[in-house]
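In what follows, a structure is listed as structure tokens, so that the remarks can point back to it.
The values are calculated or read from the model by the stated rules, or taken from the named source; none is laboratory data. Please read these numbers as outputs of a predicted model, since none were measured by experiment. Reconstructed Cβ throughout: ideal geometry from the backbone, glycine too, with neighbour counts over all protein chains shown. We work out accessible area using only protein heavy atoms, side chains counted, and drop any ligands, DNA or RNA first. Shrake-Rupley method; radii C 1.70, N 1.55, O 1.52, S 1.80 Å.
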Amino acid sequence: MSSTASEGAAEYGRALAAIPSPQVNSIPIGPLEIHFYALCILAGVIVAVFWSERRWKAMGGEPGTIMDMAVWAVVLGLIGGRLYHVISDAQLYFGPGKEPIRALFIWEGGLGIWGAVPLGAVGVWLVARKRGLSMSKLSFAIAPTIPLAQAIGRWGNYFNQELFGRPTDLPWAVEINLTPEGYLRAGMEPGVTTYHPTFLYESLWCLGLAVLLAYLGRRFESSLQGGRLFALYVMGYCAGRFWIEYLRVDPANDFFGLRLNNWTSIVVFLGALVFFVWAGTRIDRFSTAVVPHGQDAGTQVFGDTGARTEEEGTVYSAVDTEGSAFDQDSGLSNEAGTEYHPSPERSSSEGSTEDDAKGAGDDSGSKPE
């Protein structure tokens, strides 16, 4: 590209090559209007739930657990995400000439991850507390799946032509059109049509973060328990969101030269870092229960089991009865690499030697993907 052509493109905000924006953001089905923004969010949730289920099952958890929690997590997450957006951008919905009712129109875009994740976590905690499950283990299973959901959900902003960045003439710029009524969209400049595709930057960042967390979870599984893998997700997302937010031009509240979400990224990053360090000093104190109350919740054995004849990574449930599979081989507990995780809950039906021996053969504890 010649310097003259480049300067000319930059002057008028027109890239010589650009990503075209879609002309529609919804499809009518009878009396309903299906918005692509909502479909992207839904697709992200579905993918995250199914991946979390696989990881949870590989850790020895009961199938269907994540699916049950997802109902509460998604509902509360949507409420929390919308509340944060409406509160932090109240000027868009309240004041002279504004329509407060539009604060409820979630399909038009506007979900704050800073409100969605904490309130969604409350939904997971409520179910986990009722069933006696470990939040440490649950957070380990879920951590890589959330950025994957975000990577998919961010494409909803593409269909809505919103939350783009500064004008640019880069080949991967996104072309933003006027509204159907002929008005400038929030953040647009007169005569400028191409902008940084910040939705794409964040989508790629989150996708890379999901892959990295999955790898770190496998490589350093024992040292990233206690919510530490989830803390890494939070820190990784905040780091990416900080520089991406710096590029955005949509209306936002500024403080001391930075957007509100920049400050939120800094505060949340520091909070996650403090938790990461604190949790590292007490990993062995966190609950490790992966089965609900009233079920076979004896001793959980994870990881490398040395000379054990069963397949590596198998999850065992045992009780303190004579003749159990573990009593028959008293030397197993001293083998290097074996981790014993006593569960706080025991079922009243425990005590059957036959059931214990049978449970020792189940292959359900391979490492999560």
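See the values below:
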quantity	calculated
Verdict on Phe159 being aromatic (Phe, Trp, Tyr), more than 18 Å from the chain's Cα centre (by Cα), surrounded by fewer than 22 Cβ atoms within 10 Å (Cβ to Cβ) and more than 30 Å from Ala289 (Cβ to Cβ)	yes
Lone qualifier among Gly60, Gly120, Gly64, Gly132 - being closer than 30 Å to Phe164 by Cα and small (Gly, Ala, Ser)	Gly120
Flag for Gly165 being open to solvent by 10 Å² or more (accessible area, probe 1.4 Å) and either closer than 19 Å to Asp250 by Cβ or out of contact with any helix residue (DSSP H, G or I) (no Cβ under 8 Å at 6 or more places or on another chain) (or both)	no
The stretch 101-122 residues that are open to solvent by less than 30 Å² (accessible area, probe 1.4 Å), paired with ones that are assigned to a loop (DSSP other than H, G, I, E, B) and among the β-branched types (Val, Ile, Thr) (beta carbon under 6 Å, 6 or more apart)	none
Hits in the stretch 43-61 (condition: of a type in the set (D, E, K, R) and within 18 Å of Phe230 (Cβ to Cβ))	Glu53, Arg54, Arg55
Test for Phe140: is it within 30 Å of Asp68 (Cβ to Cβ) and either touching a helix residue (DSSP H, G or I) at 6+ places or on another chain (Cβ under 9 Å) or buried (at least 18 other Cβ atoms within 10 Å of the Cβ) (or both)	yes
Filter pass, Ile41 being at pLDDT below 90, closer than 30 Å to Val290 by Cα and open to solvent by 10 Å² or more (accessible area, probe 1.4 Å)	no
Filtered residue count, the stretch 226-240, keeping only those that are open to solvent by less than 20 Å² (accessible area, probe 1.4 Å), touching a residue at least 60 places away in the same chain (Cβ under 8 Å) and out of contact with any Leu (no Cβ under 7 Å at 6 or more places or on another chain)	2
